[in-house]
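Have a look at the structure below before the remarks.
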Amino acid sequence: MIAKKTSSDNVPSRVGKYVLGRELGTGSSGRVFLSHDPYFDRDVAIKLYLLEDGMSESHRRARRQPFFNEAKLAGRLHHPNILPILDAGEEGAIGYVAIEYLPGAESLKNWTRPDRLLSVAAVVEIVFKLARAIEYAHRMEVIHRDIKPSNVLRTPDGEVHLIDFGIAIHTAALEEAADKPVLAGSPSYMAPELIAGGEASPQTDIYSLGVLLYELLVGRRPYEGKSLADLLHQILYASPPPLGKLRSEIPLVLDDIVAHALAKQPEKRFKTCFEFAAGLVSVSQNLETVSEELRERERFNLLRRMSFFSDFTYPEIYEILKTGHWTTHAQGSRIVSEGDVDERFSLIVTGAARVEQGGKMLGRLQPGDCFGEIGFVTPAKRSATIVTEEPAEVFSVNATLMEQASVATQLHFTRVFLKNLITRLARPRGPQQMT
């Protein structure tokens, strides 16, 4: 039951189990309130989608669509730089989603003013992380369609989180739709082909990310028309001012990267956000060290969010990361083969894989799933083959190399490892126990 406020805006004081507090902000698809979850005794951000009683049914459906998108599309994405959806529900004329609350976080819009620009290295770090997050969303067949500074939160420690999947679309919906999706998004960040009546694609998100990169670097957007018609004409036909003329310390190679992202024809842009990210790590000789730190920090963030490492301190995770081995596998590649002798304990960090034995599929592995525990204890032949079903990243720990870690970290890792192994062996025999 919804508890009504006495205020004139008809915002409830409670939805579901959440007690609403002060308003944090208003977005294009809903209003966000600081709220409290009494069951877990934690603060969360609640986004409300309010519908007016006098709406037609078609209008109500259109207003509810962002809520369904946010709950369904964003809720299936699990990446350290995408703000997670914790819960969703619907009560009467109100839909709501519960989002992780980030104390002190600010919209990137606050760093697009000429008097408050971030360093070039900090901008590269931010856009690198966003590119990897968007690449992940694209692999999950989700196109965001509204990438802009106000839809990215930056925490006091420098972490960034993509938010607001209210107008995101699943690529399967594009293929199945009889009519083209309604034009949506913010005109200043809209790719030329969308303005010309084309469809959303990964390349349209890449274009929007290029606009965001440009704006963070120089404090203005690449195109700023005096009217909407003037703005759209510039996006279709004009070239933006070179970055170096607006900010002297920007390396020339960043001009090339931005130009590549903002190409008028989609086929001339980066093919993927992964390519975009790869371009950023080669920005200049001075940023090579930064790029290595970015990769290590991103891997650290991926590991610390996994349940296996939930009880480890940050220094312990860094130590294990240094002694472990990180591998990237293309779709359809074998991670391990049946009959191999191996002593690695491994975790699927991103992507997915299937477990096969004698050519027969036994099951699937998702991010957070482990395999190879027996081999870690004593070298043994693999009893199953693991093949990636999509691009995947795997973190492995070798028993011998683990001895290079401090004694305290070794003991903690061994304790968690054995607890995990005992829990798994106590379950009915399954594919992960056989690998």
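Matching residues to (1) within 22 Å of VAL253 (Cα to Cα); (2) of a type outside the set (Lys, Arg):
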residue	(1), (2)
PRO103	no, yes
LEU118	yes, yes
VAL124	yes, yes
LYS129	yes, no
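Kindly provide the set of residues from segment 328-377 that are more than 29 Å from ARG304 (Cβ to Cβ) and hydroxyl-bearing (Ser, Thr, Tyr), ordered by number.
In the first step, residues of segment 328-377 are kept if they are more than 29 Å from ARG304 (Cβ to Cβ); the result is 332, 337-341, 356-362.
Listed by number, the list holds a single entry, SER337.
Here are some conditions: (1) surrounded by fewer than 22 Cβ atoms within 10 Å (Cβ to Cβ); (2) within 21 Å of GLU125 (Cβ to Cβ); (3) among the aromatic types (Phe, Trp, Tyr). TYR237 meets all but one. Which one does it not meet?
Here TYR237 clears every test but (2).
Suppose we filter ARG132, ARG139 for residues that are buried (at least 16 other Cβ atoms within 10 Å of the Cβ), modelled with pLDDT of 90 or more and under 21 Å from ARG297 (Cα atoms); which single one remains?
ARG132
What is the residue count in segment 99-114 for residues that are over 20 Å from ARG297 (Cβ atoms) and buried (at least 16 other Cβ atoms within 10 Å of the Cβ)?
Of the residues in segment 99-114, 4 are over 20 Å from ARG297 (Cβ atoms) and buried (at least 16 other Cβ atoms within 10 Å of the Cβ).
Identify the single condition in (1) surrounded by fewer than 19 Cβ atoms within 10 Å (Cβ to Cβ); (2) over 30 Å from the mean Cα position of the chain (by Cα); (3) of a type outside the set (Asp, Glu) that ARG424 does not satisfy, given that it satisfies every other one.
For ARG424, the failing item is (2).
With LEU362, LEU401, LEU418 as the choices, which residue is in contact with a Pro (Cβ under 6 Å, 6 or more places away or on another chain), at pLDDT below 90 and among the aliphatic types (A, V, I, L, M)?
Within the list LEU362, LEU401, LEU418, the selection yields LEU362.
Which of the residues belonging to segment 303-339 are of a type in the set (S, T, N, Q) and free of Cβ contacts under 8 Å to residues at least 60 places away in the same chain?
Residues satisfying the conditions are SER310, THR313, SER333, SER337.
Considering only segment 191-212, how many residues are in contact (Cβ under 8 Å) with a residue 40 or more places away in the chain and over 17 Å from LYS268 (Cβ atoms)?
Final tally of qualifying residues: 2.
With respect to the numbered conditions (1) in contact with a His (Cβ under 9 Å, 6 or more places away or on another chain); (2) surrounded by fewer than 19 Cβ atoms within 10 Å (Cβ to Cβ); (3) β-branched (Val, Ile, Thr), which one is the sole condition not fulfilled by THR388?
Going through the list (1) in contact with a His (Cβ under 9 Å, 6 or more places away or on another chain); (2) surrounded by fewer than 19 Cβ atoms within 10 Å (Cβ to Cβ); (3) β-branched (Val, Ile, Thr), THR388 breaks only (2).
Every residue, every condition in (1) assigned to a helix (DSSP H, G or I); (2) modelled with pLDDT of 95 or more; (3) farther than 18 Å from GLY279 by Cα; (4) of a type outside the set (Lys, Arg), yes or no:
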residue: GLY198; (1), (2), (3), (4): no, no, yes, yes
residue: SER208; (1), (2), (3), (4): yes, yes, no, yes
residue: TYR214; (1), (2), (3), (4): yes, yes, no, yes
residue: ARG220; (1), (2), (3), (4): no, yes, yes, no
residue: LYS226; (1), (2), (3), (4): no, no, yes, no
residue: LEU254; (1), (2), (3), (4): yes, no, no, yes
residue: HIS260; (1), (2), (3), (4): yes, yes, no, yes
residue: LYS264; (1), (2), (3), (4): no, yes, yes, no
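Results for (1) of a type outside the set (A, V, I, L, M); (2) touching a Cys at 6+ places or on another chain (Cβ under 7 Å); (3) not in a loop (DSSP other than H, G, I, E, B), shown as yes or no for each residue.
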{"site": "ARG364", "(1), (2), (3)": "yes, no, yes"}
{"site": "PRO367", "(1), (2), (3)": "yes, no, no"}
{"site": "LEU411", "(1), (2), (3)": "no, no, yes"}
{"site": "LEU421", "(1), (2), (3)": "no, no, yes"}
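Assess whether GLU215 counts as being under 17 Å from ILE126 (Cβ atoms) and of a type in the set (Asp, Glu).
So GLU215 fits the description; yes.
Among the listed residues VAL394, VAL355, VAL407, identify the single one that is modelled with pLDDT of 90 or more and within 25 Å of the chain's Cα centre (by Cα). Give the steps one after another, and end with the answer.
Numbers: VAL355 fails: within 25 Å of the chain's Cα centre (by Cα); VAL407 fails: within 25 Å of the chain's Cα centre (by Cα).
That would be VAL394, the only listed residue that is modelled with pLDDT of 90 or more and within 25 Å of the chain's Cα centre (by Cα).
Return yes or no: is TYR96 of a type in the set (Phe, Trp, Tyr), under 13 Å from the mean Cα position of the chain (by Cα) and buried (at least 21 other Cβ atoms within 10 Å of the Cβ)?
no
Looking only at segment 240-258, filter to residues that are free of Cβ contacts under 8 Å to residues at least 40 places away in the same chain and crowded, with 18+ Cβ neighbours inside 10 Å; which one of those is farthest from VAL120 (Cα to Cα)?
PRO240
Could you grab me the full set of residues in segment 84-141 that are among the charged types (D, E, K, R) and under 30 Å from ASP37 (Cβ atoms)? Talk me through it step by step, then tell me what you get.
Narrowing segment 84-141 to residues among the charged types (D, E, K, R): 87, 90-91, 100, 106, 109, 113, 115-116, 125, 129, 132, 135, 139, 141.
Those that are among the charged types (D, E, K, R) and under 30 Å from ASP37 (Cβ atoms): ASP87, GLU90, GLU91, GLU100, GLU106, LYS109, LYS129, ARG132.
Name the strands (runs of 3 or more DSSP E) wholly within segment 74-164 that hold at least 1 residues that are under 22 Å from PRO367 (Cα atoms) and either among the hydrophobic types (A, V, I, L, M, F, W, C) or in contact with a strand residue (DSSP E or B) (Cβ under 9 Å, 6 or more places away or on another chain) (or both)?
Output list reads 85-91, 94-100, 160-162.
Give the residue that is surrounded by the most Cβ atoms within 10 Å (Cβ to Cβ), with candidates limited to residues of segment 329-349 that are in a strand (DSSP E or B) and in contact with a helix residue (DSSP H, G or I) (Cβ under 7 Å, 6 or more places away or on another chain).
PHE345
The values are calculated or read from the model by the stated rules, or taken from the named source; none is laboratory data. Remember, predicted model here, so these are calculated numbers, not experimental data. Don't worry about glycine lacking a Cβ; one is built from the backbone with ideal geometry, like all the others, and counts go over all protein chains shown.
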